[in-house]
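Take a look at the structure below.
Only the coordinates and a few stated rules stand behind these numbers; no lab work does. Everything quoted here is computed from the prediction, not taken from an experiment. A quick note on method: Cβ atoms are made from the backbone with ideal geometry, for glycine too, and the neighbour counts reach across all protein chains shown.
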Amino acid sequence: MNVQQSLEELMLAYEGICAIFITDHDGGLILNVGLPATLDNSKFRQQLILSHLTTIPQIHKLKMGGHKTTFAMYESQQIAIHSLCKYYFIVHAGPNANAGSMLAMREKLVAIANQMMSVCPPIDGDAMMPTSIASAAAPPDFFD
Amino acid sequence: MSSKRKVLLMGKSGSGKTSMRSIIFANYIARDCSRLGPTIEVEHAHVRFLGNMVLHLWDCGGQESFMENFLMSQKDQIFKNVQVLIYVFDVESREFEKDLRYYQSCLEALLQNSPNAQVFCLIHKMDLIEEDKRDETFKKREADVLRYSELAATPLGERSNAVCQCFKSSIWDETLYKAWSAIVYHLVPNVNTMEDKLAKFGNVLEATEVILFERATFLVIAHAVLSPHKDPHRFEKVSNIIKQFKLSCLKMGSKLDSIQVRNSRFTAFIDTFTQNTYVMIVVPDGKVSAPMITMNVKNARKVFEAIETKQ
Amino acid sequence: MDSDLDDDGDDLRYGIDEEYDYPDSRPTVILMGHKRSGKTSIRKVVFQKMSPNETMFVESTARITRDTICSSFINFETIEFPGQMCPFDDSLDPIGIFQKCEALLFIIDAQAELQEPIATLVEYFCRAYKINPNIKFEVFVHKADGLTEEARVETKFNIYHQVKETIKDQIEVDLQVTYHLTSIYDHSIFEAFSKVVQNLVKQLPTLERLLDVFNQSSKVTKSFLFDILSKIYIATDSEPVEMNIYELCCDMIDVTLDLSSIYGVGENGANYDENSQAIIRLKSEQVMYLRQVNKHLALVFIMKEDGNEKVGFIDHNFGVFKQGIEQVFRVKNRGLHF
Amino acid sequence: MLKQKALIDVLGQVNTSGVDGSWLFNKDGLLLAYVGSEQKEVASNVSAALLASVWTALERRACDLRESILVLEDSTIAFTLVARTMLLAVKAHKNADLGMVRAKLHSLSTYLEQPILSISHDLI
C-alpha cells in the first residue's frame with residue numbers, strides 16, 4: 001500500500017478537501033498531498049502546527065483523556081488535525097467541505113498511520129510530547 | 001453649583017472634636033491624634049463630600065474664653081444658617097454639669113438663629129470606660145443631655161426636644177463611624193431614590209445587601225437590606241475595616257481599587273462605583289461568579305452616576 | 001499522590017503535633033523580662049487578637065502563666081515568668097522546663113532603665129545555656145514606638161554590645177543572640193515573632209522551595225505562608241521581605257477574617273474554611289490574593305497585574321502548591337519526630 | 001444586567017442526552033458561569049482558562065475562527081464565539097452524536113447572542 005497514493009485517493013474522495021499533510025509530534029513535515037490553495041507557503045503551515053502544538057499541553061490538563069482530533073472552522077477554510085500513533089494528520093479544506101466527514105476521516109487514516117509506523121517510524125525518540133508541561137509548583141520530586 | 005452645608009462642631013476643650021474630624025475627613029489614624037493641639041478660636045475645614053456637596057466644618061475651640069465670645073459677641077456669626085450642630089461630650093469629664101450648661105446655651109443660641117438645624121450629641125471617649133460599664137454610663141449621660149436639651153428647646157416652643165440622636169463613640173472602634181454615618185445620612189440628597197435603586201440592583205444580583213459608601217470617608221450613605229442580618233452594627237464595622245485597609249494602602253503609596261472576600265457561605269464584593277462612592281455587594285453563595293458581578297456593577301454605574309449628579 | 005495512610009478525614013494533623021500525640025515534645029517558647037516590660041501584652045496581642053490599645057487594662061502577671069497555643073498552626077506553649085520571680089529556682093524544675101525550651105525571649109522595655117534588665121538577661125541566658133545549649137536566644141527591644149529612630153538603633157546597639165561582653169566574661173562563649181526592635185502598636189511584633197517561629201519549623205527549606213516554584217509559575221512577586229490566627233508567617237519565598245508588603249498582607253488577613261465573621265460564619269462558628277479566599281486589586285496595577293491552605297494556614301501573595309492574568313491558571317497552580325504543602329506535613333506526621 | 005440564575009437555567013437546558021456540561025467565559029478565561037457535572041480534578045474556572053487558551057492559540061493563525069471541536073479520549077468539547085467577545089463551550093460523552101452536540105451549541109449561542117451583545121460593552 002503506497003501511502004502517498006492512498007492519501008491522494010482519500011483526498012479526492014471528499015468534496016472540498018484541498019490538502020492533507022502529515023507531521024511528527026514535533027511538527028516536522030513528513031509528507032503532504034494536494035495543491036493547497038493557501039498552503040503553498042510554509043509560513044502558514046508552520047504557524048498552524050505551532051499553534052496546534054501549544055494547545056496539546058493545555059488539552060491534557062483538562063484531564064479528559066488524550067488528544068484525538070482538533071477541528072477548527074474559520075471564515076474561509078476548515079482544518080482538522082488528527083493525532084494517530086506518533087503523527088499528526090492535518091486535513092485542510094475549503095468552507096464548503098463537510099465538517100462531519102472531515103472528522104469521520106480519522107477512521108480511514110488509521111490504516112495509513114499503521115502502514116507508516118511499519119515503514120518509517122519517526123526518529124524523534126518516543127516522540128510523545130510530555131503529557132503536560134510539568135505543572136507549575138508540582139511538589140518537588142523528592143516526595144514519595 | 002455645589003451646595004454648601006454649614007456644620008458646627010462644638011464641645012468642651014479636649015473632648016476630641018478635632019481628633020474625630022481628622023480621622024473621618026483627613027485620613028488620620030487614631031494613634032496620631034495625640035499630637036493634635038487645642039483648637040484656637042474656630043478652625044474652618046471645607047470638606048468635599050459626595051462630589052459636589054461641601055461640608056463647611058466649623059471646629060470651635062472648647063476653651064471657656066472662646067465659648068464665652070461664641071455665645072456673646074460672635075453669636076449670630078457662629079449660629080446663623082447652620083444645617084447641623086454636632087456637640088461632643090467627654091464621658092470622663094469631671095464637670096459634666098458645667099458642660100451640660102454650656103451645651104444648653106449653645107443650643108438656645110442655635111435654635112434662635114437656625115431653628116431647623118439638626119442636632120447630634122456624641123458621648124465620646126467611651127474606650128476609657130470598662131467594657132461592661134459602657135452601656136450603663138452612656139444611658140446615664142444620654143438622659144442628662146436629653147433633659148438639658150429640653151430645657152433649651154421648650155421656651156422656644158417649636159421643637160420639644162431638639163436633639164435628633166445621641167451616640168456613644170470612640171476613635172478606637174467603629175462607633176465613630178456609626179455616629180458620623182447617621183449625621184451624614186441626613187445630608188445626602190435624594191437618598192431615598194438611591195436606596196430603592198440599590199434594592200432593585202440587589203435583586204438582580206440575588207444579594208442579601210448592597211451598601212453605598214462615600215469614597216473618601218467610607219461613611220455609609222445609603223444601603224438596601226434584602227434579607228435580615230443579626231448584627232445591627234455591621235455597617236459601621238465594615239466602614240471601619242475598609243477605611244483602615246484604605247489607609248494602609250495609602251501608606252504603601254497605592255490606592256485601593258476593589259476587594260473580594262468569600263468562603264463557602266458568602267461572597268462580598270467591594271468595588272469603586274461612581275465618582276464619589278464605593279459599593280459593597282454581599283451574596284449568600286461562595287461560588288458566585290466574580291466576572292458576572294463586576295459586569296453588572298459596571299452596568300449599574302451609569303444609573304447611579306445620573307442620580308448623584310441630579311441634585 | 002494516593003493517600004494510603006489512614007487519614008482521619010478532614011482533620012489532618014498539620015504542623016507540629018497536637019497535644020495528645022506527643023505530650024511532652026511540644027516545643028516551648030519562654031517569655032521573660034522585668035515587671036511591666038510588656039510580656040503579657042505581647043502574648044495577648046499576637047495570639048489572642050487583642051487590639052493594642054486594650055492592653056492598658058492588662059494587669060501584671062502574678063504567677064507563672066503557661067499558655068498553650070494550639071488553635072494556630074504554631075502548636076507551642078509559652079511560659080511567662082512574672083518579672084520579679086527567678087525562673088531558675090529549684091521549686092520550678094528549671095531543668096525540665098529549659099530542656100524542652102526551643103526559644104528563649106527576653107523582653108526589655110526600651111523606654112525604661114536598661115542596666116538592671118540587661119544584668120538579669122545575661123544571668124538567665126547563661127544559666128539556660130548551661131542547661132540546654134541549642135536554645136535559640138532572642139531579645140525583644142520592646143516599646144520601641146516611643147523612641148525616635150536613632151534612639152531605637154542606639155538602644156539596640158548598646159544592649160547588644162553590653163550583653164555580648166558580659167556573657168563572654170561569664171561563660172567564655174560567644175552566645176548567638178538575635179535582637180528585634182518591637183512594638184505592639186505596629187507590625188514589628190508580628191515580624192519579630194515570625195522570625196522566632198521560623199526557627200522552630202524544621203521544614204522551612206522545603207516550604208521556601210515550594211513558595212519559589214509557585215512564584216515562578218504564576219509570575220508572583222512575593223508570597224507568605226501565614227498562620228492566620230497570629231498573622232505570623234511561618235515561611236516566605238527567597239526574596240527579601242519588605243516590611244510594608246508584609247504589613248499589607250497582615251491587613252489583608254484582617255479584612256478577610258473580619259468580613260467573614262460578619263457575613264460568613266458557619267453553624268460551628270467558623271469564619272475560615274476550605275473555600276476562604278480574597279482578591280484585592282490596588283490602583284498601582286498590583287493584585288493581592290489570599291487562599292486557604294489548611295485550617296490554620298493561608299497563602300497570601302502579590303502579583304503585578306498585566307492585563308487579565310489567567311485566574312484559572314492561578315487556581316490550577318495554587319492547587320498543585322496546596323498538595324505540596326499537604327505532602328510536606330504528611331511526611332512530617334508519619335512518625336518522624338519533630 | 002445579566003441575572004446569574006437566568007444564565008444558569010439557560011446553560012443547563014443543553015445538558016441532556018449525552019451533553020453534560022456547558023461554560024460561558026471570555027477570551028481571557030474568566031468564567032461567567034458553568035453548569036454541569038462537577039469535574040473532580042479540574043475546577044470549572046480552570047477548564048475555562050484552558051479552553052480559552054486553546055481558542056486563542058487556534059485563533060492566532062487567522063482571527064476569523066468561528067467554531068472549534070476537540071475530540072478527546074474521554075469526551076468531546078465543542079465551542080464557539082458569542083457576541084464576538086464571549087466563548088460558549090459544551091462538553092459531551094465520547095460516543096454522543098456530534099451533529100446533535102453542534103446543533104445544541106449553535107442554538108444556545110444564537111439564543112445568547114442578543115443578551116450578551118446588549119451588555120457586551122460592560123464585559124470585562
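Please arrange B:Glu108, C:Glu54, B:Glu236 by counting, for each residue, the other beta carbons lying within 10 Å of its beta carbon, fewest first. Numbers along the way, then the final one.
On the way: B:Glu108 19, C:Glu54 15, B:Glu236 23.
The order, fewest Cβ neighbours first, is C:Glu54, B:Glu108, B:Glu236.
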For chain C: relative contact order, % (alpha-carbon pairs under 8 angstrom, 6 or more apart) | 16 percent
Antiparallel bridge percentage (DSSP; both residues within chain B; nearest 5) = 55 percent
For A:Ser101, C:Ser217, what ranking results if the residue with the fewest other Cβ atoms within 10 Å of its Cβ goes first?
-> A:Ser101, C:Ser217
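Add -39500 (n - 2.57) for each DSSP H run of 4 or more in chain C, then divide by its residues: what number comes out at 222 nm, to the nearest 500 deg cm²/dmol? Could you put the intermediate results ahead of the total?
On the way: 8 runs with 125 residues, N = 338.
After summing the helix terms and dividing by residue count, I get -12000 deg cm²/dmol.
Taking every DSSP beta bridge that has both residues in the protein assembly as shown, what percent is antiparallel when rounded to the nearest 5? Please list the in-between numbers first.
Working: 121 of 167 bridges.
Antiparallel: roughly 70 percent of the beta bridges in the protein assembly as shown.
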Report the relative contact order of chain D, percent, no decimals, based on alpha-carbon pairs under 8 angstrom and at least 6 residues apart.
-> 25 percent
Counting Lys and Arg as +1 and Asp and Glu as -1, each charge on the Cβ, what is the dipole of chain C about the Cα centre in debye, to the nearest 20?
-> 400 debye
Computed P(r) (all Cα pairs; the range A:3-119; 5 Å bins; percent) = 2, 11, 24, 26, 22, 12, 4, 0
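Within 10 Å of each Cβ of C:268-276, how many other protein chain Cβ atoms are there on average?
3
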About its Cα centre, the protein assembly as shown carries a charge dipole, from +1 on Lys and Arg Cβ atoms and -1 on Asp and Glu Cβ atoms, whose size in debye to the nearest 20 is 2440 debye
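If you place +1 on the Cβ of every Lys and Arg and -1 on the Cβ of every Asp and Glu, how big does the dipole about the Cα centre of the range A:3-119 come out, in debye to the nearest 20? Can you show the working numbers first?
Numbers: 8 positive and 8 negative charges, 96 e Å.
The dipole of the range A:3-119 has a size of about 460 debye.
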Counting other chain Cβ atoms within 10 Å of each Cβ in C:279-289 and taking the mean gives 5
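Tally the DSSP beta bridges in the range B:79-232 and give the antiparallel ones as a percent, rounded to 5. Don't skip to the answer; put the middle values down first.
On the way: 5 of 17 bridges.
Of those bridges, close to 30 percent are antiparallel.
Hey, got the average number of other protein chain Cβ atoms within 10 angstrom for residues in C:209-215? Provide the component values of the computation, followed by the final result.
Working: counts 4, 4, 1, 1, 6, 2, 2.
Rounded to a whole number, the mean comes out at 3.
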Projected label distance in nm at A:Ser76 and B:Ser105, using a 7 Å step from Cα toward the beta-carbon = 9.1 nm
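Within the range A:3-119, how many lysine pairs that are 8 or more places apart, or on different chains, have C-alpha atoms less than 28 Å apart?
Details: A:Lys43/A:Lys68; A:Lys43/A:Lys86; A:Lys61/A:Lys86; A:Lys63/A:Lys86; A:Lys63/A:Lys108; A:Lys68/A:Lys86; A:Lys68/A:Lys108; A:Lys86/A:Lys108.
For the range A:3-119, qualifying lysine pairs total 8.
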In the range B:35-155, lysine pairs 8 or more places apart or on different chains with C-alpha atoms under 25 Å apart total 9
Contact order normalised by residue count of the range B:3-185, Cα under 8 Å, 6+ apart, percent = 23 percent
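Specify whether the C-alpha gyration tensor of the range B:75-214 places it in the rounded, prolate or oblate class, a ≥ b ≥ c being the square roots of the eigenvalues: rounded for a/c under 1.5, otherwise prolate if a/b is larger than b/c and oblate if not. Intermediate values should be presented prior to the final figure.
Numbers: a/c = 2.59, a/b = 1.36, b/c = 1.91.
Judged from the Cα gyration tensor, the range B:75-214 comes out oblate (a/c at least 1.5, b/c at or above a/b).
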Would you please put C:202-215, B:128-141 in order of how densely packed they are, using the mean number of other Cβ atoms within 10 angstrom per residue and starting with the highest?
-> C:202-215, B:128-141
Using Cα centres only, tell me the gap between the range C:82-118 and the range B:283-311 in whole Å.
-> 57 Å
